[in-house]
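The values are calculated or read from the model by the stated rules, or taken from the named source; none is laboratory data. All of these numbers come straight from a predicted model, not from anything done at the bench. Quick reminder, even Gly has a Cβ in these numbers, built from the backbone with ideal geometry, and neighbours come from all protein chains shown. Keep in mind that these areas ignore ligands, DNA and RNA; they rest on the heavy atoms of the full protein, side chains included. Shrake-Rupley method; radii C 1.70, N 1.55, O 1.52, S 1.80 Å.
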Amino acid sequence: MKNSQKGFALPLALLLLVVMTLMGAALVSITAGDIRANSEKDTSQQTFYAAESGISDAKKLLASVEGGVSIMATNPWSRLKFCKPDFFPNLRSPNTKALYDDKHGKEFIKIKNLSEVISVSGDEKTRLDNFSFEYFITYSADFNGFVDNPKKKPGTNKTLYTIHSCGCNKSKSKCNKDKDTITALEAIVTRTVE
């Protein structure tokens with residue numbers, strides 16, 4: 001009887017070792033996938049927040065305008081680095097023009113790193129330097145997608161403006177619309193003073 005049980009512990013130990021190794025490898029693979037997915041999700045959220053920061057910055061810009069607002073005579077798209085009109089399906093015309101401040105002659109096109117609008121220092125500043133936003137402002141589009149003429153908010157005499165903002169997962173000098181993560185947002189707003 002003793003001879004038939006001889007050597008049973010070694011194969012059992014080896015089998016358990018192989019099973020545990022496979023389970024460990026599967027766990028490492030699943031964890032690595034989760035880390036990668038969380039990193040991508042974090043990047044997408046940060047670009048969304050960057051685009052929201054662009055909308056907030058544009059609202060402040062519109063509120064600070066003392067004079068009138070006019071449509072630009074030239075197409076500004078060559079001056080946009082990564083927030084291109086093709087990200088916005090409501091803009092149908094390739095000749096869509098952004099707006100500018102009549103009094104100061106400044107166009108409503110801006111590009112900034114997040115660290116320029118959020119006061120931080122150290123590692124957080126370095127991290128925010130790697131996220132940027134760019135925006136442009138147009139009159140709100142009509143049902144055909146054209147933004148050439150101002151539209152009024154129903155029941156008021158207030159003009160509707162659309163802020164087109166994009167967040168990027170790179171700094172303003174390095175962002176590339178074809179290679180980097182871009183999140184595009186729109187906001188329709190009015191000015192408190194017309």
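Conditions (1) surrounded by fewer than 11 Cβ atoms within 10 Å (Cβ to Cβ); (2) without any contact (Cβ under 8 Å) to a residue 12 or more places away in the chain; (3) not acidic (Asp, Glu); (4) not in a helix (DSSP H, G or I), marked per residue:
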| residue | (1), (2), (3), (4) |
| --- | --- |
| Gly33 | yes, yes, yes, no |
| Arg36 | yes, yes, yes, no |
| Ser39 | yes, yes, yes, no |
| Asp42 | no, yes, no, no |
| Gln45 | no, yes, yes, no |
| Gly54 | no, no, yes, no |
| Ala58 | no, no, yes, no |
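Within the stretch 5-18, does at least one residue satisfy the condition of being at pLDDT below 75, open to solvent by 100 Å² or more (accessible area, probe 1.4 Å) and farther than 30 Å from Lys170 by Cα? Yes - at least one qualifying residue is present in the stretch 5-18. Please determine, by comparing only the residues of the stretch 160-194 that are modelled with pLDDT of 90 or more and hydroxyl-bearing (Ser, Thr, Tyr), which one is farthest from the chain's Cα centre (by Cα). By that ranking, first place goes to Thr190. Just one residue in the set Ile118, Ile71 is surrounded by fewer than 18 Cβ atoms within 10 Å (Cβ to Cβ) and under 24 Å from Cys168 (Cα atoms); that residue is Ile118. Among the residues of the stretch 62-77, are any within 16 Å of Tyr135 (Cα to Cα), at pLDDT 90 or above and touching a Leu at 6+ places or on another chain (Cβ under 8 Å)? No, the stretch 62-77 contains no residue that is within 16 Å of Tyr135 (Cα to Cα), at pLDDT 90 or above and touching a Leu at 6+ places or on another chain (Cβ under 8 Å).
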